[in-house]
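See below for the structure under consideration.
The values are calculated or read from the model by the stated rules, or taken from the named source; none is laboratory data. Not measured: the values here are computed from a predicted model. Because the Cβ atoms are built from the backbone with ideal geometry, glycine has one as well, and the counts that use them run over all protein chains shown.
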Amino acid sequence: MEGFQEELGAVLGQQVSGVSPVGGGCIHRALRVELDGGRLLFVKVAGDEAGAAMLVAEQRGLERMAPHIRVPEVLGAGGGWLALKWLELSALGGQGWADLGSRLAALHRVCGDGYGLDQDNFIGATPQINTSDDDWCRFFRDRRIAFQLELAERAGHRLDRPAILGRVGEILEGHAPPPSLLHGDLWSGNVAMAAGGAVLFDPAVYYGDAETDLAMLELFGGRLPQAFFEAYGQVAPGREERRALYDLYHALNHLNLFGGGYRSMVNRCLAAMGLPG
């Protein structure tokens with residue numbers, strides 16, 4: 001999507017004076033944009049229509065979360081671009097984990113009428129099906145694990161679909177968590193410190209079990225520090241058993257996005273669930 005500078009300037013009422021590439025764009029081009037007067041923006045630019053649809057979903061997710069937790073402010077959007085307030089980011093430190101814990105707890109206290117969302121979105125570049133349901137086990141089995149298994153099977157990965165889906169039912173039987181507002185893709189690379197505290201970005205929002213966000217935080221970053229849980233508060237009994245299942249969703253998604261190198265992660269999740277790889 002070229003030529004976004006003129007449209008961006010028109011939306012914001014200022015001319016673009018400088019554009020330079022920056023890190024942070026796994027799917028889209030990520031740019032540092034300077035406006036006349038020195039104002040800085042972080043702008044994502046899509047390369048095609050599919051990428052543009054992802055940016056629309058990202059904008060909606062950020063705006064849904066913004067009243068409840070700190071996210072980058074959406075300053076404008078157009079034909080395949082999304083402009084956010086520029087933030088100087090750094091890694092979470094000790095106090096940063098406590099700050100994240102209290103902020104995430106506040107987000108998770110926001111609840112919907114059921115599990116899912118009023119529109120589908122994306123988990124990375126994969127469609128995320130959010131058709132609502134009032135049964136968490138059925139929602140996570142059918143909208144999350146079954147969908148990812150179908151994609152994996154189409155790509156030639158052999159997995160025991162009946163056994164896996166049956167085990168989902170066993171693990172989540174009777175588990176009826178509040179339908180919390182979730183970030184949805186909360187790995188350690190999607191949270192950082194900025195002036196004023198922790199900030200979350202790149203969401204894949206829906207309403208579901210708050211434990212899924214906690215599991216994703218630990219999937220690539222290891223165990224969360226005690227300071228986080230002291231600020232976040234108590235979690236429901238049985239989290240350890242459910243954690244492997246919630247990890248499986250993201251492991252399958254990585255398998256589908258990036259190939260067989262992630263099969264070992266899938267197998268580890270299955271083993272933790274008591275299933276063969």
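In region 195-208, which residue that is in a strand (DSSP E or B) and within 24 Å of S132 (Cα to Cα) is nearest to the chain's Cα centre (by Cα)? Among residues in region 195-208 that are in a strand (DSSP E or B) and within 24 Å of S132 (Cα to Cα), the one nearest to the chain's Cα centre (by Cα) is Y206. Selection within region 209-226: residues that are among the small types (G, A, S) and not in a loop (DSSP other than H, G, I, E, B). The member of this set that is surrounded by the most Cβ atoms within 10 Å (Cβ to Cβ) is A215. One residue is enough: does region 253-267 have a residue meeting the conditions in contact with an Asp or Glu (Cβ under 6 Å, 6 or more places away or on another chain), closer than 30 Å to V74 by Cα and in contact (Cβ under 8 Å) with a residue 60 or more places away in the chain? Taking every residue of region 253-267 in turn, none turns out to be in contact with an Asp or Glu (Cβ under 6 Å, 6 or more places away or on another chain), closer than 30 Å to V74 by Cα and in contact (Cβ under 8 Å) with a residue 60 or more places away in the chain. Looking at region 75-188, the helices (runs of 4 or more DSSP H) lying wholly inside it that each contain 3 or more residues that are in contact with a helix residue (DSSP H, G or I) (Cβ under 7 Å, 6 or more places away or on another chain) sit at 94-108, 146-154, 161-172.
Being assigned by TED's automatic domain parsing to the domain that holds D209, in contact (Cβ under 8 Å) with a residue 60 or more places away in the chain and either crowded, with 19+ Cβ neighbours inside 10 Å or touching a Gly at 6+ places or on another chain (Cβ under 9 Å) (or both) is the requirement here; does L104 meet it?
Criteria met by L104.
Scanning region 21-73 for residues that are closer than 20 Å to I123 by Cβ and in contact with a helix residue (DSSP H, G or I) (Cβ under 8 Å, 6 or more places away or on another chain) yields a count of 8.
Table: residues versus (1) modelled with pLDDT under 95; (2) out of contact with any Ser or Thr (no Cβ under 9 Å at 6 or more places or on another chain).
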{"site": "Q59", "(1), (2)": "no, yes"}
{"site": "L75", "(1), (2)": "yes, yes"}
{"site": "A105", "(1), (2)": "no, yes"}
{"site": "L117", "(1), (2)": "no, no"}
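Yes or no: region 227-240 includes at least one residue that is surrounded by fewer than 16 Cβ atoms within 10 Å (Cβ to Cβ), in the same structural domain as G114 (by TED's automatic domain parsing) and in contact with a helix residue (DSSP H, G or I) (Cβ under 6 Å, 6 or more places away or on another chain). The answer is yes, given that some residue of region 227-240 is surrounded by fewer than 16 Cβ atoms within 10 Å (Cβ to Cβ), in the same structural domain as G114 (by TED's automatic domain parsing) and in contact with a helix residue (DSSP H, G or I) (Cβ under 6 Å, 6 or more places away or on another chain). Considering R167, R161, the condition of being in the same structural domain as G260 (by TED's automatic domain parsing), out of contact with any Pro (no Cβ under 9 Å at 6 or more places or on another chain), basic (K, R) and surrounded by fewer than 19 Cβ atoms within 10 Å (Cβ to Cβ) is satisfied by R161 alone.
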